[in-house]
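Structure first, then comments.
Nothing in this text is a laboratory measurement; each read-out follows from the coordinates by a stated rule. Everything quoted here is computed from the prediction, not taken from an experiment. Because the Cβ atoms are built from the backbone with ideal geometry, glycine has one as well, and the counts that use them run over all protein chains shown.
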2 protein chains.
Amino acid sequence: MKNAYNLKDFGLKATVPRLKILELFESGEAQHLSAEDVYRQLVSEGIDVGFATVYRVLTQFELAGVLQRQYFDSNKAIFEINRGEHHDHIVCLDCGAVEEFNDEEIERLQVNAARRRQFELSDHSLCLYAHCRKQNCIHLTSDAKQGAKKFEDSDEQT
Amino acid sequence: MKNAYNLKDFGLKATVPRLKILELFESGEAQHLSAEDVYRQLVSEGIDVGFATVYRVLTQFELAGVLQRQYFDSNKAIFEINRGEHHDHIVCLDCGAVEEFNDEEIERLQVNAARRRQFELSDHSLCLYAHCRKQNCIHLTSDAKQGAKKFEDSDEQT
DNA sequence: CTTGTTGCAAATATTTTGCACCCAT
DNA sequence: ATGGGTGCAAAATATTTGCAACAAG
């Protein structure tokens, strides 16, 4: 597991915007950020940065493998740090909370599904859209929360 | 399996743009189209349509359940017809070919993965990015095609 | 110093909205 | 006829690019 990245390793100069953006993702405070989220965060820290720089840095970091770009069923890119461990996402449709998970069995079946169709799997993106059962979940439809109760005691294991 | 949709069932008037767009998707000629693809197609058929109408119709069809909107790892929406059968996608990273597939086992594991994390699964999007082994695949990296050979005789089944 | 990097503004790309005119019912 | 639907243009949203000024090495 990669814990810290060094800009120099990628031939990138250690500038304020880069260091701050890297710090933002490595700190783990926020895990899934849009370019605008990053921009706002830097501005709120009193850093004079432009949108263009944020986008350029995010793209450089993605190319360097420091960040990963995702699209959670929208036309807006979401970035997260690459800690070297693959994972998929589960997003709460009500409160927007994002959790990461990894299921070895699903991973394995994907490789097979691809092979069976004459494809060599290179990568994949899996995002589960669901209703969480957190107390503080700002659910829009109360049905969702009530419906969730049905599953409370029927937890299956693989 | 739904074979044909009737606009009137959704309270939508049978206008030229709507009928042509529906026909385009139902014909099955092209399965995964962006708004621009649809626009270009209509224009090439000599239909005087505007971009706004295309977007409005696509959105109406999505709300009616006629079409499904997807984002294949880009900031551009891709639409496809909803034939009532859920499926996931596998996209060739070289030639861009899109194939649909469905794996019951993966589907089942997703529900469990969500439950185990206290989520009630509502929907999901799974897209496999891979290298196909079609003869006519316009591969950008010959490595990809050579690498694929490794798997030619090692096809596993679930 | 020298070259990469930045902020700003303008340009692109994708999608949405306002509005007057038009056509399916 | 009339209310929904359309095309066009402008706006909104997301991202990229040109460029002169600037700062890291």
- Message: I need the inter-copy label distances for A:His87: point set 7 Å along Cα to C-beta, values in nm with one decimal, smallest first.
- Response: 3.3
- Those trypsin sites (Lys or Arg not before Pro) in the stretch B:36-81 that DSSP places in a loop and that have at most 16 other beta carbons within 10 Å: B:Lys76
- What does the charge add up to near B:Val43, with Lys and Arg as +1, Asp and Glu as -1, over the other residues with Cβ less than 12 Å from its Cβ? -2
- Whole-number percent relative contact order across chain A, with pairs defined as alpha carbons under 8 Å at least 6 apart: 17 percent
- Message: Could you work out the pair-distance distribution P(r) of the protein assembly as shown from its alpha-carbon pairs, with 20 angstrom bin width and percents rounded to whole numbers?
- Response: 26, 56, 19, 0
- Averaged over A:71-79, number of beta-carbon atoms from partner chains that fall within 10 Å: 4
- So, in Å, what gap is there between the alpha-carbon centers of the stretch B:97-120 and the stretch B:34-61? 33 Å
- Message: Restricting to DSSP loop positions (anything but H, G, I, E, B) with no more than 16 other Cβ atoms inside 10 Å of their own Cβ, which GluC sites (Glu not before Pro) remain in the stretch B:45-124?
- Response: B:Glu45, B:Glu85
- Message: Which residue fluctuates most in the GNM of chain A (Cα springs below 10 Å): A:Ser125, A:Ser27, A:Ser74?
- Response: A:Ser74
- Task: Along Cα-to-Cβ, 7 Å out, sits the label point; list in nm, shortest first, how far the one on A:Ala14 is from those in the other copies.
- Result: 7.1
- What is the Cα radius of gyration of chain A over 2.2 N^0.38 Å, N being its residue count? 1.24
- Task: Work out from phi, with θ = phi - 60° and the Karplus expression 6.51 cos²θ - 1.76 cosθ + 1.60, the ³J(HN,Hα) of each residue of the stretch A:98-106, listed in order in whole Hz, and give x for Gly and Pro.
- Result: 10, 10, 9, 8, 9, 10, 4, 5, 5
- Isolated Cys in chain B by the 4.7 Å beta carbon test? B:Cys127
- Query: Can you pull out the trypsin sites (Lys or Arg not before Pro) in the stretch A:1-33 that DSSP calls coil and that have at most 16 other Cβ atoms within 10 Å?
  - Reply: A:Lys2, A:Lys13
- Query: Along Cα→Cβ at 7 Å, what distances in nm separate the B:Asn102 label point from those on the other copies, shortest first?
  - Reply: 3.1
- Message: For chain B, give me the percentage of DSSP beta bridges that are antiparallel, rounded to the nearest 5 percent.
- Response: 70 percent
